[in-house]
Amino acid sequence: MITSLSRDAKFTEAKILIVDDEPGNIHVLERMLNSAGYRNIKSTTDGRSTPELYRSMQPDLILLDIRMPGFNGFDVMDALSTLEKESYLPILVLTAQLDTETRLRAIKAGAKDFVNKPFIMEEMLARINNLLEVRMLHNSLHNDKKSLQTKVVESSQELRQYQVEIIHRLARAAEYRDNETGMHVIRISKLCERLARGMGLSDHECNLIRHASPMHDIGKIGIPDHILLKSGRLTAKEWSIMKTHAEIGALILSGSESEFLQMAEVIAGSHHERWDGNGYPRGLKAGDIPLVSRIVAVCDVFDALTSERPYKEAWSIENAVTEMEKQSGKLFDPDVLKTFMDMLPEMVDIAQQFSDTSHQVIHTQRKTS
């Protein structure tokens, strides 16, 4: 009869903690539970030890005597309430006190059910099984919730990864219009992230600028080929049209809720502003220019000078550095430029690792194979 009430293995594997100051009561309860198939049982006659036992055991059910000297059942429940915030912890109160005040106080303290002393074994087992059933159901729902949350996070991360990949490919597609390898945007991404770290930006900001900076010239897709691809010097009218790529880029990227697209909008619209206020499109000056745009400006010019283009040969590192230092306080933020120069060996390594030449060799081999 007693064994039949244990129901199934998942219940008999439940961890049960007995807290009662009377060793005789503990002995009776342990025998009863063992007879019903329960094996994971611990007990204590000292209520003060309950919190530590709870931490180490993580019980599925506590059989708790209310009337204990010193640290009584109410004290035990108060202590447990500070340890357990999320889980449903069944506490089955063992009491000879039947008054309403005691029961109400116990319920408010965390008791889920009561068994009167002296207790009937069949009733005790039935109540234990009922509480464990609720406990198991709660655990199942909690695990399902955690699993769902994990899947949602993974799906969100995967979606973000796809979005970033698409944006990078679009940036490279725009770059291919005037650069066969499209490696400029890769170098800008690496250079800007490294410089941002050197400037003391947070990991989150550095991650954003890594994804946002490749879109700095996305507005070039709105510039006619006869201007964008012109090998000679642009006329004043052509230059006026070329400069509109900053505003076009900002417009293309505007209105997004994505953080990196919001930063990309800022960069696209202001990376051609100058420290001295003579840049475009708005003539912003000094600190009015967003820091991320000042970072991109330095990296963009360095890469432009040291890369070959249809209208120019690549400059040497020495000549590029000399020219950029002349522009400190004019085109560039002096602090940003100084940080870049302090990190020059790293920047040169990045430029060489992702150079157009090395990539073009691979590209040509694929085409001829």
Computed magnitude of the charge dipole of region 279-337 (debye, nearest 20; Cβ of K, R +1, Cβ of D, E -1)
300
Row for region 176-368, column shape: gyration tensor on C-alpha, a ≥ b ≥ c, rounded if a/c < 1.5 i.e. under 1.5, prolate if a/b over b/c, else oblate; value rounded
The simple spin-label model distance between ILE221 and LYS237, using points 7 Å out along Cα→Cβ, in nm, is 2.8
If you put +1 on each Lys and Arg Cβ and -1 on each Asp and Glu Cβ, how big is the dipole of region 3-147 around its Cα centre, in Debye rounded to 20?
340
Choice from VAL134, VAL164, VAL185 with maximal GNM fluctuation in the chain (Cα, 10 Å cutoff)
VAL134
Which entries of LYS230/LYS312; LYS190/LYS330; LYS243/LYS330; LYS230/LYS285; LYS237/LYS285; LYS42/LYS108 have Cα-Cα distances beyond 22 Å here?
LYS190/LYS330; LYS230/LYS285; LYS237/LYS285; LYS42/LYS108
Residue by residue, what Karplus-based ³J(HN,Hα) values in Hz, rounded to whole numbers, does region 79-84 have, using 6.51, -1.76 and 1.60 with θ = phi - 60° and x for Gly and Pro?
5, 5, 5, 7, 8, 10
For the chain, build the charge dipole from Cβ charges (+1 Lys, Arg; -1 Asp, Glu) around the Cα centre, then report which of ASN130, TYR38, ASN207 sits farthest towards its positive end.
ASN207
Highest-fluctuation residue, ASP349, ASP99, ASP203 considered, GNM on the chain with Cα pairs under 10 Å:
ASP99
Net +/- balance of residues flanking LYS190 in space, Cβ distance below 12 Å, scoring K and R +1, D and E -1:
0
In what order do ARG127, ARG169 fall by count of nearby beta-carbon atoms within 10 Å, going from fewest to most?
ARG169, ARG127
Considering only DSSP beta bridges where both residues belong to the chain, give the percentage that are antiparallel (nearest 5).
5
Total charge dipole magnitude, region 176-368, about the Cα centre, Cβ charges on Lys, Arg, Asp, Glu only, Debye to nearest 20
520
Is the C-alpha gyration tensor of the chain telling us rounded, prolate or oblate? Criteria: a/c under 1.5 is rounded; beyond that, a/b larger than b/c is prolate, otherwise oblate.
prolate
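Readers should treat all values here as calculations from the given coordinates under stated rules, not as data from a laboratory. Everything numeric in this text was worked out from a predicted model, so none of it was measured. Virtual Cβ from ideal backbone geometry, glycine too; neighbours counted across all protein chains shown.
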